[in-house]
1. Using 0.36 nm times the number of residues separating residue B:9 and residue B:384, minus their current alpha carbon distance, what extension gain do you get?
2. Once a ≥ b ≥ c are taken as the square roots of the eigenvalues of the Cα gyration tensor of segment A:9-61, is the result rounded (a/c under 1.5), prolate (a/b larger than b/c) or oblate (a/b not larger than b/c)?
3. From other protein chains only, count the Cβ atoms within 10 Å of every residue's Cβ in B:398-406, then give the mean.
4. If you stretched the chain out fully between residue B:430 and residue B:86, how much longer would it get, using 0.36 nm times the residue separation minus the C-alpha to C-alpha distance?
5. Work out the FRET efficiency for residue A:47 and residue B:220 from their Cβ-Cβ distance, taking R0 = 45 Å, and round it to the nearest 0.05.
6. Count the net charge of all other residues whose Cβ sits under 10 Å from the Cβ of residue B:66, scoring Lys and Arg as +1 and Asp and Glu as -1.
7. Ranked highest first by average number of other Cβ atoms within 10 Å, how do B:142-150, B:72-80, B:58-66, B:197-205 line up?
8. Within a 10 angstrom radius of the beta carbon, how do A:26, B:165 rank from fewest other beta carbons to most?
Amino acid sequence: MSERSAIELHHVLTCPCGDTLTGATEDEIVEVSFAHLRAKHPAMAGDYEREHILAMAQRLVAPHPPRERRGP
Amino acid sequence: MATKETDVQWPAWEDAAFYLQEPEAVYASMAAQRQAAPVFWYEPPGYPTGLWVLSKWEDQRFVGSHPELFCSRNGFAIGDASDPSTVIHQLPQWAQDKLNEPGVTPAETRHLIARGKLSMGDPEFESLILSDPPRHGLIRNVLMKALKPSLVRSLKPRIAEIADEFIAEIEPGAETDFVTTVGQIPAALMTEMIGVPREMRDQFIEMASAQMQAITIDPNRSQAEVDRIHGLIEKFHAYCDDLLAERRASGAEGDDLVSLIARSEYEGKPIPHGMAISYIHTFVNAGETTRALISFVALALAQHPEQRRLLVEQPDLIANAIQETLRFSPLNWTGCRTATQDVEIGGTTIRKDDYVVMAYASANRDEDVWDRPDEFDVTRPFDRDHQSFGYGEHSCPGALLARIDSTTIFERLLARFPDWEISSPPKRWASPFLQGMTTLPLKFHR
C-alpha cells in the first residue's frame with residue numbers, strides 16, 4: 001500500500017466515449033466535463049446538466065501531489 | 001513459447017486451463033509477452049487462422065477509440081475464432097446452415113459463431129456487443145434510458161435494503177459461500193430492474209445463467225451439457241416473451257426495463273423481438289459479472305486484512321477499492337475486434353479482416369501506466385481508467401451501476417462484518433473470456 005499521511009479524493013468521470021476526466025472539486029469536474037462535451041461531443045453538449053455530471057462522477061483517490069487537471 | 005531472459009511461458013490465450021493457474025503465474029506470463037512482443041501474432045493450436053494479441057494499455061485504447069478501423073460484428077471473444085467443426089454442434093440450425101455454405105470467409109465464420117451462440121433460435125437476434133456505429137448507437141440509446149445516471153444513483157437505498165437482507169443470513173464464524181449468498185445481491189437487483197416478480201426470481205436467474213455459459217463457446221462441452229443449456233435458454237426466451245406481452249397489454253407505464261422496452265420504438269416500430277431479448281440478456285449478464293466483481297473484492301480483502309481495516313476506518317475509500325479490484329482482477333480477460341482495413345500498430349501492420357485480441361488483464365498491469373502494477377492497493381490513485389469496462393463505443397453501459405452496486409454492498413458488509421477470512425480455497429471459472437468464481441468459502445467475524 002502506498003505511504004501517505006492523508007488520502008485525498010478527487011472526482012473522476014469516465015465519459016461513455018472512454019476518456020477519463022478529473023476535477024479536484026464538484027465545480028471543477030462539472031467545468032471539465034462541459035469543456036469535454038463541447039470539444040468532443042458538441043451535438044450532445046446541451047443534453048447534460050450539472051446533476052447528470054455529478055451523478056456519473058466517482059470520488060477516487062487523487063494522485064499526490066495533485067496533478068494538473070485533465071481537460072478534453 | 002518462452003523468453004530467453006526469464007524462461008516464462010507465454011500465454012495460451014485460447015486455453016481455459018491457462019487462466020486457472022495461480023494468478024501470479026498468469027500475470028507473469030502476460031508480462032513476459034507484453035514486454036517482449038506487445039503486438040504479437042499468435043496461432044492457437046487447432047485454430048484455422050492466427051490472431052493478433054495487443055498487450056499494452058495504449059494500443060488497446062487506440063483500438064477501442066477507432067470502431068471505424070476495428071469492428072465488432074465479426075466476433076468478440078477468442079473462442080469465436082475456433083475451428084467451426086469443433087463448435088458447430090453448439091449453434092442453432094440457422095447458423096449451422098450458413099456455416100456450411102461454400103465460400104464463407106474466416107471473418108464471416110466468426111460472425112456466425114458469435115451471433116449463433118448469442119441468439120440461439122432467433123436468426124433476427126441483434127446484440128449490442130456485435131454491432132457497430134451508427135447502428136450500435138441506436139441500440140445503445142434504448143438501453144441507456146434504463147441506465148440513466150440519475151436513475152442508477154437513486155437505486156442506492158434499495159441496493160442497501162437488498163444487501164441487508166442477504167447479509168442478515170450470514171452466521172458469524174460459520175463457513176459461508178460468498179458467491180451463492182452475498183453474491184446473489186446483484187442478480188436480485190437486476191431482476192427487480194428488469195421487472196421480474198419476486199416469486200420468479202430464482203428460476204429466472206437459473207434460466208438466464210445458461211446464457212452466460214453459452215457466451216463462452218467451449219469445444220470440450222458435451223452434447224448433454226449443450227442440450228441442457230439450450231433447453232434453459234428456450235425457457236428463458238419464452239418467459240421474456242410472456243413478460244413483454246403482459247407489459248404491452250397493461251400499458252407499460254413502469255420504470256422497469258421490460259416496460260421501457262415495451263413502450264420504446266426502434267426506427268418507428270416496436271422494438272424487434274431479437275433486440276428486446278438482447279437488452280434483457282445484457283441486464284442479466286450484468287448481474288452475473290457484478291457477482292464476479294464483488295467476489296473478487298471479498299477475496300482480495302480477505303487476502304489483505306490491513307487494507308480491509310483501512311476501509312472500515314475510511315468507508316470513503318470503498319469506491320476506490322472497487323476500482324482497484326477491477327484493475328487487479330478484471331472480469332474480462334480479453335475482448336476482440338476485426339480490422340476493417342490495413343492498420344499499423346506499434347510498427348506492425350495488421351491486415352484487413354485480421355482478428356485482434358485486446359488482453360485487458362495485461363493492460364491493467366502495464367508498467368508504463370501503473371505504478372507497482374502487481375500490488376493490490378486500495379489507496380491507488382486513479383486519474384485514468386483501467387480496461388476492465390472496455391473503452392470507447394463498446395465500454396460497458398452498466399459500469400456506473402456495477403460500481404454503485406458493489407460500493408453499496410461493501411459499505412453494508414464492512415459495517416456489519418469488519419473481519420473475514422478464507423476458509424477453503426475458492427474455485428474459479430475456466431474461461432479465456434470472462435473471469436469469475438463458482439465458490440468462495442469465507443468465515444465472517446464481527
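Every number here is computed from the coordinates shown, using simple stated rules; none is lab data. Here the structure is a predicted model, which is why all the values come from computation and not from measurement. All Cβ positions, glycine included, derive from the backbone under ideal geometry; neighbour counts span all protein chains shown.
1. On the way: separation 375, 0.36 × 375 = 135.00 nm, distance 3.01 nm.
Full-extension gain reported as 132.0 nm.
2. Working: a/c = 1.94, a/b = 1.61, b/c = 1.20.
Taking the square roots of the gyration eigenvalues as a ≥ b ≥ c, segment A:9-61 is prolate.
3. On the way: counts 0, 4, 7, 0, 0, 2, 2, 0, 0.
Mean shielding count: 2.
4. Working: separation 344, 0.36 × 344 = 123.84 nm, distance 1.81 nm.
Between residue B:430 and residue B:86, full extension yields an extra 122.0 nm.
5. Numbers: r = 48 Å, r/R0 = 1.06.
Computed FRET efficiency for residue A:47 and residue B:220 comes out at 0.40.
6. Working: positive: B:61, B:337; negative: B:68, B:393.
Once all neighbours under 10 Å are counted, the net charge is 0.
7. Working: B:142-150: 17.2, B:72-80: 25.1, B:58-66: 19.7, B:197-205: 13.8.
Ranked by mean Cβ neighbours within 10 Å, highest first: B:72-80, B:58-66, B:142-150, B:197-205.
8. Numbers: A:26 14, B:165 11.
Placing the least packed residue first, the sequence is B:165, A:26.
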